[in-house]
Amino acid sequence: VGFELARGRRKKLVSVDKANVLESSRLWRQVATEVAKDYPDVELEHMLVDACAMRLIQNPKYFDVLVTENTFGDILTDEASMLAGSMGMLPSASLAGVPQEGVNIFGMYEPIHGSAPRRAGLNMANPIATILSVAMMLRYSLGLIKEAQTIESAVDGVLQQGYRTYDIMDEGKTKVGTKEMGDLITGKVGG
């Protein structure tokens with residue numbers, strides 16, 4: 001999936017592992033190198049997870065498509081979420097195939113932050129990652145591109161108007177809770 005995504009983007013894929021220490025990472029690297037032979041148009045770079053963590057902060061635009069195993073992925077996505085301001089901003093998808101126009105694929109969609117039980121019932125949680133996960137589901141599993149774009153535009157519009165949940169609050173912006181943010185976004189979707 002990673003090579004197919006990279007092929008449709010900047011044609012660069014970074015495979016993240018810990019091959020200098022872990023046998024499983026050496027296997028990961030070997031498999032990535034083998035798969036790369038089927039994608040001569042995609043540049044493959046192997047990177048150790050600690051170097052990747054540093055470079056994500058130092059120069060996030062260096063990356064386009066990253067592939068890694070679950071544990072490293074969990075850590076790197078949490079780190080990368082701070083580039084967006086909060087884990088409450090990033091959707092995620094585990095896909096059972098390669099996204100292609102006209103092909104609907106199975107997937108599991110969720111915000112990267114999980115269920116956030118500490119925020120339950122407090123009207124504090126940022127719903128944006130969950131809402132954007134729905135947009136991803138519409139796009140990749142249901143083929144509803146226009147509807148996905150409508151949701152993404154609604155989220156962008158609400159943020160452009162200066163509304164923020166506590167986790168992304170900036171001076172001069174309007175602080176809202178979970179329900180208010182959701183209502184603002186759904187109002188733009190319906191409006």
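The values are calculated or read from the model by the stated rules, or taken from the named source; none is laboratory data. On a predicted model such as this, the values are computed, not experimentally measured, just so you know. Cβ atoms come from the backbone with ideal geometry, glycine included; neighbour counts cover every protein chain shown.
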Does at least one position in region 19-26 carry a residue that is part of a helix (DSSP H, G or I), out of contact with any Lys or Arg (no Cβ under 7 Å at 6 or more places or on another chain) and over 20 Å from ASN70 (Cβ atoms)?
no
Filter result for GLU34 (within 20 Å of VAL1 (Cα to Cα), of a type in the set (Asp, Glu), out of contact with any Cys (no Cβ under 9 Å at 6 or more places or on another chain) and surrounded by 12 or more Cβ atoms within 10 Å (Cβ to Cβ)): no
- prompt: Taking ARG164, is it within 21 Å of LEU184 (Cα to Cα), surrounded by 15 or more Cβ atoms within 10 Å (Cβ to Cβ) and modelled with pLDDT under 90?
  reply: no
Q. Just wondering, is there one or more residues in region 95-103 that are within 20 Å of VAL1 (Cα to Cα), touching a residue at least 40 places away in the same chain (Cβ under 8 Å) and touching a strand residue (DSSP E or B) at 6+ places or on another chain (Cβ under 6 Å)?
A. yes
In region 56-68, anything more than 14 Å from ARG10 (Cβ to Cβ), in contact with a helix residue (DSSP H, G or I) (Cβ under 6 Å, 6 or more places away or on another chain) and not β-branched (Val, Ile, Thr) is listed as LEU56
The lone condition TYR39 fails out of (1) touching an Asp or Glu at 6+ places or on another chain (Cβ under 6 Å); (2) assigned to a loop (DSSP other than H, G, I, E, B); (3) of a type outside the set (Lys, Arg) is (1)
